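Here's the structure, in structure tokens; my notes come after.
Laboratory data are not the source of any read-out in this text; all were calculated from the coordinates shown. Remember, predicted model here, so these are calculated numbers, not experimental data. Here Cβ is always computed from backbone atoms with ideal geometry, including for glycine, and neighbour counts include all displayed protein chains.
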């Protein structure tokens with residue numbers, strides 16, 4: 001028996017019926033003429049997002065100086 005105080009967070013998939021209802025709502029809101037524009041914009045956004053994910057990170061890595069050169073630079077900064 002489930003505890004009445006808990007929240008059920010199960011994730012369910014959209015059925016075909018759900019998808020058709022969502023499509024009908026989108027058609028009513030935006031109209032048939034704007035749907036290709038919206039779909040094209042979403043496709044470009046997804047393509048750009050995937051492109052950026054596949055790029056290597058541009059992080060500059062600077063190696064640490066050894067102890068002798070650290071002391072030399074500290075002496076120079078103290079002057």
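Based on the Cβ-Cβ distance of residue 52 and residue 20, what FRET efficiency does E = 1/(1 + (r/R0)^6) give at R0 = 22 Å, to the nearest 0.05? If you can, show how the numbers build up before the last one.
On the way: r = 33 Å, r/R0 = 1.50.
Once the sixth-power term is evaluated, E becomes 0.10.
Under 1.5 on a/c is rounded, so check that first for the stretch 7-55, then, if it is not, pick prolate when a/b is larger than b/c and oblate when it is not; a ≥ b ≥ c are the square roots of the alpha carbon gyration tensor eigenvalues.
Details: a/c = 3.23, a/b = 1.12, b/c = 2.88.
Taking the square roots of the gyration eigenvalues as a ≥ b ≥ c, the stretch 7-55 is oblate.
Extension gain, residue 60-residue 13: 0.36 nm per intervening residue step, less the Cα-Cα distance, totals 12.6 nm.
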